[in-house]
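To start, the structure itself, in structure tokens.
Values in this text are rule-based calculations from the coordinates and carry no lab data. Remember, predicted model here, so these are calculated numbers, not experimental data. Note that each Cβ is placed from the backbone with ideal geometry, even for glycine, and that neighbours are counted across all protein chains shown.
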Amino acid sequence: MPEELKKIFNNLRIIEFPNKNDILNLLRENSNENIIVLTNQEPFKEYENLFITKKIKNKFGLLSSQHKEMNFSEEKILEMELGLSVIKSPFTLKDIGGAKALKEYTDLLIKAEKNGFKAKGVFLVGIPGTGKTFFPKCFAGELGRKLILLNLSQIMESNEPIQKLNNIFEFLHKKQIDSKDEKYVILIDEIEKMIGSSSVKEKQMLGRLLTILNDINTPACEYSFNAIFFATANDLNSILKNNPEFLRRGRWDELFFINLPTHENAEEMFKIYIKKFNLKFVLEEIMNLDSIFAEIEAIYQKENPISNRFPYTPAEIENFCKRLDFCKKAKGDEFNKKDIIECIQLIIPLVKSAKEGIEKMVAQSELFIEI
């Protein structure tokens with residue numbers, strides 16, 4: 001026991017970290033003596049009425065002194081407690097090219113939170129590879145919030161998935177009582193995979209999740225913790241067909257459709273990845289960015305169903321730059337313009353390989369704020 005606590009309880013009997021047998025032996029004593037039991041566990045259920053429970057704030061937040069000595073991070077402890085991935089995101093909004101509406105929303109939200117506003121969540125839908133999962137990571141890093149990846153498929157594998165979901169939110173609720181400054185972003189990726197299923201368990205899970213999303217940050221909610229939910233989807237068809245109420249205003253503060261980048265935003269993204277992969281020499285010595293853009297558009301723009309957008313998604317832009325980096329490191333001084341053209345031909349965009357699917361997605365964009 002820490003010396004400061006020993007001084008406070010100097011004249012009292014103290015039992016440190018007892019097991020169940022220790023508690024039973026203590027109760028059998030039938031003593032009128034005042035005893036303090038120091039433990040990191042809740043009282044055993046069958047004896048809880050025999051104790052007055054007083055919670056002592058942890059000196060190191062989520063970490064015990066042992067965890068602190070072992071250099072555990074708070075994210076690691078949360079992972080152990082929740083059974084989910086928890087990330088301290090290294091990314092901020094500076095790592096995203098374009099996405100002006102998302103950045104403006106984030107800036108306004110930061111200001112609104114300072115005046116007491118509590119956000120519920122943001123729904124992101126759009127073309128695969130446009131950054132729907134990456135944005136919540138940048139958002140969490142920008143706001144200094146821990147990112148919890150709420151993997152519903154993983155939760156469904158447990159024996160009692162709804163109880164598992166409840167346990168996660170109950171844990172966050174209790175932690176909020178102990179650490180009022182704890183803030184989270186909770187990401188539900190590809191939510192459409194949970195919708196339209198005939199499984200009774202999955203329908204029950206979705207119903208429970210909808211209730212929580214509807215009530216969070218309102219007086220009706222049974223849980224109180226500071227979290228902003230993000231949900232992403234590639235395909236709206238199953239949601240609109242089976243659970244259109246999932247998209248209703250009130251569950252989500254904002255609904256965004258992430259389209260292909262504009263020419264200007266694509267240029268911004270290229271510059272981010274050119275810097276990341278140290279490809280500046282390509283633009284200066286072999287082929288400038290305007291020429292690369294012209295070549296990409298000459299090959300793929302005629303297939304692009306969205307005429308005023310660049311044919312590559314952000315993921316394809318990154319993959320193209322990574323391919324250039326690979327070729328340069330593999331070929332050294334022999335790397336030339338022909339290699340760049342071959343990279344363009346190898347990175348075939350979704351607008352060509354999945355044109356019909358892209359057209360269907362874009363047709364649904366009017367339901368959202370388009371980016």
For the chain, longest principal axis from Cα atoms; helix 100-114 axis from its Cα atoms; angle between them, nearest 10 degrees, is 30 degrees
Site Leu346, offset 7 angstrom along Cα→Cβ, radius 15 Å on amide nitrogen, limited to the stretch 303-321, gives 316-321
If you place +1 on the Cβ of every Lys and Arg, -1 on the Cβ of every Asp and Glu, and leave all else neutral, what size is the dipole of the chain about its Cα centre, to the nearest 20 Debye? 560 debye
Per-pair calculated FRET efficiency, R0 = 30 Å: Ile369 and Leu289 via Cβ, rounded to 0.05: 0.55
Using only the Cα atoms of the chain, construct the convex hull and provide its projected area averaged over every direction, in square nanometres to one decimal. 24.9 nm²
Within 10 Å of each residue's Cβ, count the other Cβ atoms and sort Leu78, Leu279, Leu124, Leu346 from fewest upward. Leu346, Leu279, Leu78, Leu124
Excluding residues fewer than 8 places away in the same chain, name every one of the lysines whose C-alpha is closer than 24 Å to that of Lys45. Lys20, Lys54, Lys55, Lys57, Lys164, Lys174, Lys175
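Grab the beta carbon distance between Asn237 and Gln301, set R0 = 25 Å, and tell me the FRET efficiency rounded to 0.05.
Plugging the Cβ-Cβ distance into 1/(1 + (r/R0)^6) gives 0.40.
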For n ≥ 4 DSSP H runs only, could you compute -39500 (n - 2.57) per run for the chain, divide by its residues and tell me the 222 nm figure to the nearest 500? -13500 deg cm²/dmol
Evaluated at 4 °C with a viscosity of 1.567 mPa s, what Stokes-Einstein diffusion coefficient in µm²/s does the stretch 78-258 have when Rh comes from the Kirkwood expression over alpha-carbon pairs? 77 µm²/s
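Take the alpha carbon gyration tensor of the stretch 109-183, find the square roots of its eigenvalues, order them as a ≥ b ≥ c, and report rounded if a/c is under 1.5; if not, report prolate when a/b exceeds b/c, else oblate. Mind showing how you got there, number by number?
Details: a/c = 2.37, a/b = 1.10, b/c = 2.15.
In terms of gyration-tensor shape, oblate.
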On a 0 to 90 degree scale, rounded to 10, what angle separates helix 134-143 from the longest Cα axis of the chain? 50 degrees
Relative to the first principal axis of the alpha-carbon coordinates of the chain, what is the inclination of helix 263-276, with its axis defined by its Cα atoms, in degrees from 0 to 90 and to the nearest 10? 70 degrees
